[in-house]
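Written below as structure tokens is the structure these notes are about.
The values are calculated or read from the model by the stated rules, or taken from the named source; none is laboratory data. This is a predicted model, so every value here is computed, not measured. Backbone-built Cβ (ideal geometry, glycine too); neighbour counts: all protein chains shown. Ligands, DNA and RNA are excluded from the accessible area calculation, which covers all protein heavy atoms including side chains. Shrake-Rupley method; radii C 1.70, N 1.55, O 1.52, S 1.80 Å.
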Amino acid sequence: MKISLKINGQDLTAEVAPTTLLVDFLRSDQGLTGTHLGCDTSQCGACMVLVNGDAVKSCTLLAVQLDGAEVTTIEGLSDGETLSPVQEAFREAHGLQCGFCTPGMVVSVTDLLAKNPNPSESEIRHWLEGNICRCTGYQNIVKAAQMAAEKQQAA
Amino acid sequence: MYEFDYVRPTTLQEAQDLVGEDKKLLAGGQTYMPTLRQRLAMPELLIDLNAIPVLHGICEADDRISIGAMTRHAEVASDGLVRSKIPGLASMAGGIGDPAVRHRGTLGGSLANNDPSACYPAAVLALNAVVHTSKRSIEAKDFFQGLFTTALDEDEIISHVTFPSVPCAYLKFKQPASGFALAGVFACKLDDGFRLAVTGAGQEGVFRWQQAEAALNNDASFGDFKSLALEPDMIEDVHADADYRSNLVRVAAGRVVAQLREQLA
């Protein structure tokens, strides 16, 4: 089926099978391998992307459903070589260990801060319920989210 | 996934004309997509309800709040009208799954699925909401008919649900990995008295705890829920045995009724 959508600001028309998941479309068809497929059971959140501004699990959506939508992946958050404030904060606060969950974490925190620019620690932890870090590196992920909020407020 | 065809109608009538055996509806997909991926379903056609505008949105009509079947949990949780008129429903919707689930999951999808551990059935049953479909209106008491079973015909589509504006509260003990209720209690006070609906616990799905309702109607300050009989057989699984679940229901009822009393005061 033919779909037209916007990915990371670029208009795009593509042919997809009805059964193609958004995550597979992004990774295999579009080469956007920053979005990770972690669990296969809609639980881990490594595959999160923004669809029309909301964080969603790209393994739980069909690509055909995205006709007319605007998708932002981890690749779309930085401006060329310039990292987004959330990405910078994850680097500075060491908000990652193996890094596999990081794309989903960064997308999720980006969405949180767009909706709630100054979240409490408890709000950050609740928001990240859908993002699993199997290294259990949550302390620094939460610190990174707090640092990102400060950076965005200062900017 | 097994192969299927996909269609995205823009009117309820188009969807109605297509739906039937092996021609299944796709709402938010937060249960159905994982089901498809595990090859537990083999539809011939998937009818995506996401582009039908009339199924979205929240409004007030005739003293009731009407919520479209495709309205997302995140919208219900943050909507000013719902928060002020049916506070327990807003807080319940804000606690379903995780933010990504709440961005996609819908009221109608949750009700049509009738998972015995889902939150929405408790709210709809306690509030005596009315489920409006492409064919008729169904009162909550007639809608839920056991595990994953509802009054809906195979070719019937939920359009919206109407709720009364009343003080209400919801509390669940959740299974930490999924966010589903190990035991959840929705409490409200309607014109004819207190109503408590329990999800996550009963083997036959959501139920009203009539002994607790009677005790509260007899004495609005009643608090000894541990002394009351809890008749339905409780779910037993790796997360909680029957006795533990019964206890969770009683503790949740005590806490949620305390929240309700604050609203009524």
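To the nearest 0.05, what FRET efficiency results for B:L264 and A:E81 with a Förster distance of 56 Å applied to their C-beta separation? About 0.45, to the nearest 0.05.
For B:K135, the lysines whose Cα comes closer than 19 Å to its Cα, not counting residues fewer than 8 places off in the same chain, are B:K23, B:K24.
Per residue, how much accessible area does region A:2-76 show when a 1.4 Å probe rolls over the protein heavy atoms, in square angstrom? Can you show the working numbers first?
On the way: 2820 Å² over 75 residues.
That works out to 38 Å² for each residue.
For B:I138, the accessible surface of its heavy atoms amounts to roughly 10 Å² (probe 1.4 Å, protein chains only, rounded to the nearest 10). Extension gain, B:L190-B:D155: 0.36 nm per intervening residue step, less the Cα-Cα distance, totals 9.4 nm. Residues of region B:102-134 that bury at least 20 Å² of accessible area when the other protein chains are present, relative to the chain alone (probe 1.4 Å, heavy atoms, ligands and nucleic acids excluded): B:H103, B:R104. Heavy-atom accessible area, probed at 1.4 angstrom with all protein chains present, ranks B:Y32, B:Y170 as B:Y32, B:Y170, highest first. In the context of the full set of protein chains, chain B has a per residue accessible area of 42 Å² (1.4 Å probe). Pairing chain A with chain B buries about 2000 Å² of accessible area. This figure sums both sides and uses a 1.4 Å probe.
Using every Cα-Cα pair within region A:2-76, state what percent have a distance larger than 18 Å.
On the way: 763 of 2775 pairs.
Every Cα pair in region A:2-76 considered, those over 18 Å come to 27 percent.
B:L147 sits with roughly 80 Å² accessible to a 1.4 Å probe, with DNA, RNA and ligands left out of the calculation. Separation of region B:178-221 and region A:30-56, taken as the distance between their Cα centroids, equals 37 angstrom.
The apolar share of the surface of chain B, taken as the fraction of accessible area on carbon and sulfur atoms (1.4 Å probe, ligands and nucleic acids excluded), comes to 47 percent.
The aspartates and glutamates within cross-link reach of A:K2, meaning a Cα-to-Cα straight distance under 12 Å and a gap of 8 or more places when in the same chain, are A:E15, A:D67.
Among the listed pairs A:K6/B:K85; A:K115/A:K143; A:K143/B:K85, a Cα-Cα separation exceeding 27 Å is found for A:K6/B:K85; A:K143/B:K85.
Note on region A:85-154: percent of Cα-Cα distances in each 10 Å bin, starting at 0 and stopping at the bin with the largest distance, equals 24, 63, 13, 0.
Relative to the longest principal axis of the Cα atoms of chain B, the long axis of helix B:242-264 makes an angle of roughly 80 degrees.
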